[in-house]
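Below is one structure, written out as structure tokens; the observations come after it.
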Amino acid sequence: MTVLLRRRAVAWGTAALLLSLAGCGSGGGDDGDDEETNGVEELSAGEIEQRAISAARQARTVLLTGTVISGDAEYRIDMRLAEDGALGEVSAEGGPTFELLRVGEDLYLKADEAFWQSDDLPAELESDPAEKLDDKYVKVAPDDPAYGELSGFTDKNLLLDGLLAMEGERETGDEGAVGGVSTIRVQADGGRGGAMDVALVGRPYPLRLERGGDAGTVTLADWNQDFSPRRPDEKQVVDYGDDMITGGSGGSGESED
């Protein structure tokens with residue numbers, strides 16, 4: 001099963017997408033939301049950017065939603081991220097969607113039968129495991145190569161560091177609004193190197209990101225709203241090994257707000 005999980009992760013491009021992120025919505029959060037401007041519009045573009053990055057890293061939680069383009073592939077990400085885990089979905093255009101849930105170091109993947117089906121099953125498997133894995137939470141072993149690829153989607157700071165990266169000379173753009181919150185834009189290389197819309201109310205969180213090279217747009221919302229991921233019910237969990245599938249233990253995959 002280690003071989004199968006690794007094959008499915010690579011088949012849907014998760015490794016390429018994470019490399020793309022590493023290389024480089026609506027509204028803000030509940031901290032300090034009021035009608036007075038936070039004053040960042042008086043700062044230089046570089047200072048606004050640094051204030052936004054600092055606010056993002058200090059936040060406990062965020063909802064990240066949008067599209068990321070890597071090569072010829074387009075991915076949809078919808079992840080609620082916290083310091084101690086995450087819950088959400090990732091999908092490739094034209095391909096199935098899979099759910100990721102991380103609680104501490106425990107990582108679970110949930111997908112339908114189509115995701116798991118393969119025309120090149122390992123010879124040691126007596127039957128196609130897709131039916132057993134359909135709509136179950138598969139607990140990913142930490143020493144599996146797929147763990148590093150998939151867990152990256154659940155790491156708040158890793159994702160934000162990649163998405164917030166811009167290349168080129170910074171300049172201040174127009175003021176606007178995202179989800180009803182007033183914003184000011186910071187862009188690099190005239191927008192070709194990326195752009196972020198930063199909240200002018202409350203903390204200067206980045207609320208929308210446009211990746212350089214037309215590589216996708218992401219919105220960031222629900223900053224610092226209460227969210228704590230929970231382990232799925234043990235009846236919905238499957239642990240896998242190299243030669244067989246066994247029932248696992250866990251403890252609902254739904255978030256606690």
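Is it the case that the stretch 80-92 has a residue that's under 13 Å from the mean Cα position of the chain (by Cα), part of a helix (DSSP H, G or I) and either at pLDDT 65 or above or among the aromatic types (Phe, Trp, Tyr) (or both)?
No: the stretch 80-92 contains no residue that is under 13 Å from the mean Cα position of the chain (by Cα), part of a helix (DSSP H, G or I) and either at pLDDT 65 or above or among the aromatic types (Phe, Trp, Tyr) (or both).
How many residues, within the stretch 132-189, are in a helix (DSSP H, G or I) and either of a type outside the set (Lys, Arg) or within 27 Å of TRP223 (Cβ to Cβ) (or both)?
Residues that pass the stated criteria total 20.
Does any residue of the stretch 20-40 turn out to be part of a strand (DSSP E or B), at pLDDT 95 or above and either closer than 30 Å to GLY180 by Cβ or of a type in the set (Asp, Glu) (or both)?
No, the conditions are met nowhere in the stretch 20-40.
Let me spell it out: the conditions are (1) under 27 Å from ASP233 (Cβ atoms); (2) surrounded by fewer than 18 Cβ atoms within 10 Å (Cβ to Cβ); (3) modelled with pLDDT of 75 or more, and ILE69 meets all of them except one. Which number is the exception?
Result: ILE69 passes all but (1).
Taking LYS139 as meeting all but one of (1) closer than 18 Å to ASP78 by Cα; (2) more than 12 Å from the chain's Cα centre (by Cα); (3) among the basic types (Lys, Arg), write down the number of the exception.
(1)
Per-residue answers, yes or no, for (1) closer than 24 Å to GLY39 by Cβ; (2) modelled with pLDDT of 90 or more; (3) among the β-branched types (Val, Ile, Thr):
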| site | (1), (2), (3) |
| --- | --- |
| GLY180 | yes, yes, no |
| LEU207 | yes, yes, no |
| GLY216 | no, yes, no |
| ASP222 | yes, yes, no |
| ASP233 | no, no, no |
| THR246 | no, no, yes |
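Name, by its number, the condition in (1) at pLDDT below 95; (2) more than 21 Å from GLY46 (Cα to Cα); (3) out of contact with any helix residue (DSSP H, G or I) (no Cβ under 7 Å at 6 or more places or on another chain); (4) not in a strand (DSSP E or B) that does not hold for ASP242.
ASP242 satisfies all of (1) at pLDDT below 95; (2) more than 21 Å from GLY46 (Cα to Cα); (3) out of contact with any helix residue (DSSP H, G or I) (no Cβ under 7 Å at 6 or more places or on another chain); (4) not in a strand (DSSP E or B) except (3).
Would you point out the residue of the stretch 93-118, among those that are of a type in the set (A, V, I, L, M) and farther than 18 Å from LEU163 by Cβ, that is surrounded by the fewest Cβ atoms within 10 Å (Cβ to Cβ)?
As a first pass, look at the stretch 93-118 and keep what is of a type in the set (A, V, I, L, M): 100-101, 103, 107, 109, 111, 114.
If we keep only those that are farther than 18 Å from LEU163 by Cβ as well, we get 101, 103, 107, 109, 111, 114.
Details: LEU101: 25, VAL103: 21, LEU107: 25, LEU109: 25, ALA111: 24, ALA114: 11.
Among residues in the stretch 93-118 that are of a type in the set (A, V, I, L, M) and farther than 18 Å from LEU163 by Cβ, the one surrounded by the fewest Cβ atoms within 10 Å (Cβ to Cβ) is ALA114.
Residue by residue through the stretch 196-208, note down the ones that are buried (at least 24 other Cβ atoms within 10 Å of the Cβ) and of a type in the set (A, V, I, L, M).
Answer for the stretch 196-208, where residues must be buried (at least 24 other Cβ atoms within 10 Å of the Cβ) and of a type in the set (A, V, I, L, M): MET196, VAL198, ALA199, LEU207.
The values are calculated or read from the model by the stated rules, or taken from the named source; none is laboratory data. Nothing here was measured: the structure is a model prediction, and the numbers come from that model. Please note: Cβ atoms are built from the backbone with ideal geometry, for glycine as well, and neighbour counts cover all protein chains shown.
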